[in-house]
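J.: Take a look at the following structure, please.
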Amino acid sequence: MDQECCWNRDVIEQADCSKINEGEEELLASKLQRVTEKCRECDVFIANLGRLRDDANPLAPILSDVLNENRRQKIQIQSLVSFLDNKTLEMRFVHELGSVLQSSVDLDEVLSVALTAITAGKGFGMNRAFLLLTDREANVLHGYLGIGPRNIEEASQVWNEIIQNDMDLQTLAQNFRLNKLSSERAKFHDVLEQLTVPLSNKNHILIKALDGKRPIMVEGAFQHPDVPAELARLLGVDTFLLMPLISRNRRVGMIIADNCITHRAITEEDMHSLETFGFPVAFAIERASLYDKLQVELNRVTEAGKKLKEQQELIVRMENMALVGRITSSIAHSVRNPLMIIGGFARSMLKNSPVSDPKRTFIESIVAETRQLEVVLDEILNYSDSLYPTRDFWDVNQLVEAVLRDTADILTSLGYATGYSSEPDLPPVFIDFKQLSYCLRTVLQNDINGLGTDRSIEISSQSVEDCVILKIEDHSRHISQAELDHLLVPFSETRDLGAGLGLALCKTMLEKQGIPFVALADEHAGIKYTITLPTRKEEQP
Amino acid sequence: MSRLLVVDDEANIRLLYAEELKDEGYEVVTAASSAEAAEKLQGNVFDLAVLDIKLKNESGIELLQKLVKERHDMPVILCSAFSCYKDDFSAWLADGYVVKSGDLTELKQEIARVLAKKAQKAKS
């Protein structure tokens, strides 16, 4: 038989065979591989084979069968390779999905990933998906989120965007979460609102799928005996897939997926793929929900811990206050009563002793010293009382008028004239009323020994931003700023006890309440006091 | 002559008050506790009561509340070692408040003021 072709040559040139393409040069040197892969398609080889058959060579049919079998197996292998390639892609997708789902504890992120995966072309490629979650407290399955276009125009716009941007699943999901989560929720609000089914409604197809823990492919929904007419109308599609989300035997929720735009058939393959995907999604949703709850509980515990700490501090403060109160009470009774008795009887004796009595001087000394001790005691007790102010909202006018009433007699008897002008509608101020009363009384009575001729005190109040400014202008006392500053330092000189602690105590009391107290002295005009009272409840200083 | 009831748990203070107030022309009856005060009040009329706030294990404020309820025509002056009660709401029921001092001038002035006010009220 004449050899018209190259098939029996061990090595051939590129020009010898038109079937060998660029990139297949290794076939030029491999006779066996060349024959099995290329010669079967070569017309010259087929002609040669035909001549072999014509010559009634018994090998001809066998050779033909071998070549046909080889071709069939080759096609089968190609099909299997294609199948494996698809499965590899699917595995990679599920792996990518799993990685994203495993790393997130944010419910919105998990849901964004899940629904993006179902609807993305790179994922399961469904047109639309609804996620429903079980609410164990309300005992219902309710619509939570929807994704997908509502019409063809929106579909082509969205899908074009996706094609142009060529994003991977994670980027798509992030993009969805950042830009579309709330708008999609709003877009499907009407549908989601109606997708609420009591878990007790065992005949409802959604609950059947959930209880059965298996996906259900619904076809012919509008005539389907198990599909409520309102559900079919709501979804507006004849075919959809119900995929329950089950995590550790617990019913987490449900995904309803359909191809409402393309109407592509949902295959068994789609259903199985989605079923595989459903497990990690359910697990991730449950974990994210639990994390959310944990976060809420953690915040609650943190808040409770904070409150407990505040309570503990309050208890400590109250104990301190109680201790100070007990000490104060003890001092008041232990010291003041004997002082009063000594001083009182000394006065009584003085009153009844004749002027010529040589012991009168001694008795006068007792009276003076006990009086001095009483004043010192008053100041110490007031100082103790100032350590723990009790603040509340009070009316400034009520405060000033009450103090003016209290001091009216003594000030009038000493020839003082007082005046008070107030801005209308002053807001209430946050102060310790008792302490402020004491301070005002002290400031007003501080000048009873003043040497000035102008014995007038003017008080005014005005609202400025978050404060009420109280000004007391005393025109009777003329001292230098240095002398006044000295009077504002508590216990700066012990010899001054009983004579100059009043103003210093006022300053301490007001500072304890975070109230600025400014005293400016003018040797000719008198002293101007400014007390800035807060109108808002601030944190304790 | 106005009759005063003085309630204080300190014997020497009762004595001091009694001496000083008698000198001022008042008839003074003293009591060391709420129970004794109640006893002295039984069947007697007083023009004014002077109460200490801290009476051993009792509260003068409670006695004040009782007196205001049962003897609303008898004014009460609180006389206490504590200046802090002066601004306390619970003490506002009293007609006067004096911080204890060896100098009884303020107490005497307060008694005179309250009695004058009572007399004026009775007239009107």
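Bear in mind that the values in this text are calculations on the coordinates, not laboratory data. This is a predicted model, so every value here is computed, not measured. Virtual Cβ from ideal backbone geometry, glycine too; neighbours counted across all protein chains shown.
J.: Would you mind telling me the antiparallel percentage of the DSSP bridges in the protein assembly as shown, rounded to 5? Please report the intermediate quantities before stating the final value.
T.: Values: 54 of 76 bridges.
Counting only bridges with both partners in the protein assembly as shown, antiparallel ones make up about 70 percent.
J.: Could you work out how far helix A:501-512 tilts from the main Cα principal axis of chain A, as a 0 to 90 degree angle to the nearest 10?
T.: Between the helix axis and the principal axis of chain A, the angle is about 10 degrees.
J.: If you don't mind, another one. I'd like the orientation of helix A:107-119 relative to chain A: the angle between its Cα long axis and the longest Cα principal axis, in ° from 0 to 90, rounded to 10.
T.: With both axes taken from Cα atoms, the answer is about 20 degrees.
J.: A further question follows. Can you check what the Kirkwood hydrodynamic radius comes to for the stretch B:1-55, Cα pairs only, in Å to one decimal? Could you put the intermediate results ahead of the total?
T.: Working: mean 1/r = 0.0903 Å⁻¹.
For the stretch B:1-55, the Kirkwood estimate is 11.1 Å.
J.: Inside 10 Å of the C-beta atoms of A:335-348, what's the mean count of C-beta atoms belonging to other chains?
T.: Numbers: counts 1, 8, 9, 4, 4, 12, 8, 3, 6, 13, 6, 1, 7, 7.
What the average comes to for A:335-348 is 6.
J.: Please sort by residue number the trypsin sites (Lys or Arg not before Pro) in the stretch A:336-412 whose DSSP state is loop and whose Cβ has at most 10 other Cβ atoms within 10 Å.
T.: On the way: sites: A:Arg336, A:Arg347, A:Lys351, A:Lys359, A:Arg360, A:Arg371, A:Arg391, A:Arg405; in loops: A:Lys359, A:Arg391.
Here the trypsin sites (Lys or Arg not before Pro) that fit, given the DSSP loop and packing criteria, are A:Lys359.
J.: Can you give the % of DSSP beta bridges in the stretch B:3-123 that are antiparallel, to the nearest 5?
T.: Working: 2 of 18 bridges.
Looking only at bridges with both residues in the stretch B:3-123, the antiparallel portion is about 10 percent.
J.: Under a Cβ-only charge scheme (Lys and Arg +1, Asp and Glu -1), can you give me the dipole magnitude of the protein assembly as shown about the Cα centre, in debye to the nearest 20? Display every interim value, and only then the final one.
T.: On the way: 74 positive and 102 negative charges, 396 e Å.
Value, rounded to 20: 1900 debye.
J.: Still on this structure: If amide H atoms are built 1.01 Å from N in the plane of the peptide, which residues on other chains or at least 5 residues away come under 5 Å of the amide H of A:Thr535?
T.: A:Phe430, A:Cys467, A:Val468
J.: Hey, could you grab the Kirkwood Rh for the stretch A:391-469? Inverse mean 1/r over distinct alpha carbon pairs, Å, one decimal.
T.: Values: mean 1/r = 0.0745 Å⁻¹.
Here the Kirkwood hydrodynamic radius works out to 13.4 Å.
J.: Right, another one. How would you order A:272-285, A:170-183 from highest to lowest mean count of nearby Cβ atoms within 10 Å? Spell out each step's value before the answer.
T.: Numbers: A:272-285: 19.7, A:170-183: 16.0.
Descending mean neighbour count gives A:272-285, A:170-183.
J.: Semi-axes, largest first, in whole Å: what does sqrt of 5 times each Cα gyration tensor eigenvalue give for chain B?
T.: Numbers: eigenvalues 67, 56, 50 Å².
Equivalent-ellipsoid dimensions as semi-axes: 18, 17, 16 Å.
J.: Find the all-direction average of the projected area of the Cα convex hull for chain A, expressing the result in square nanometres with one decimal place. Provide the component values of the computation, followed by the final result.
T.: Details: hull surface 208.5 nm².
Reported value for the Cα convex hull: 52.1 nm².
J.: Quick one: 3J(HN,Hα) in Hz for the stretch A:215-225, Karplus 6.51/-1.76/1.60 with θ = phi - 60°, rounded, Gly and Pro as x.
T.: x, 10, 8, 9, 10, x, 4, 5, 10, 5, x
J.: When only Cα pairs under 8 Å and 6 or more residues apart are kept, what is the percent relative contact order across chain B?
T.: Numbers: 184 pairs, mean separation 25.7, N = 124.
With pairs under 8 Å counted, the relative contact order is 21 percent.
J.: How compact is the stretch A:389-534 by the rule of thumb for globular proteins, expressed as Cα Rg over 2.2 N^0.38 Å?
T.: Values: Rg = 14.6 Å, N = 146, 2.2 N^0.38 = 14.6 Å.
Dividing the Cα Rg of the stretch A:389-534 by 2.2 N^0.38 Å gives 1.00.
J.: By how many degrees, between 0 and 90 and to the nearest 10, does the Cα long axis of helix A:59-103 differ from the longest principal axis of chain A?
T.: It is inclined by approximately 0 degrees.
J.: Which ³J(HN,Hα) values in Hz, rounded to whole numbers, follow from the phi angles of the stretch B:16-30 under the Karplus curve 6.51 cos²θ - 1.76 cosθ + 1.60, where θ = phi - 60° and Gly and Pro get x?
T.: Result, rounded to whole Hz: 4, 4, 4, 4, 5, 6, 5, 4, 7, x, 9, 8, 10, 10, 10.
J.: Going by amide H atoms built from the backbone, whose H comes under 5 Å of the H on B:Lys54, apart from near neighbours?
T.: Under 5 Å from the amide H of B:Lys54 lie the amide H atoms of B:Gly60, B:Ala81, each far enough along the sequence or on another chain.
J.: In Å, the Kirkwood hydrodynamic radius of the stretch A:14-87 over pairs of distinct alpha carbons?
T.: 14.0
J.: Let me ask something else about it. Find the relative contact order for the stretch A:180-277 and round it to a whole percent, using C-alpha pairs within less than 8 Å whose residues are 6+ positions apart.
T.: On the way: 115 pairs, mean separation 21.3, N = 98.
Relative contact order, the stretch A:180-277: 22 percent.
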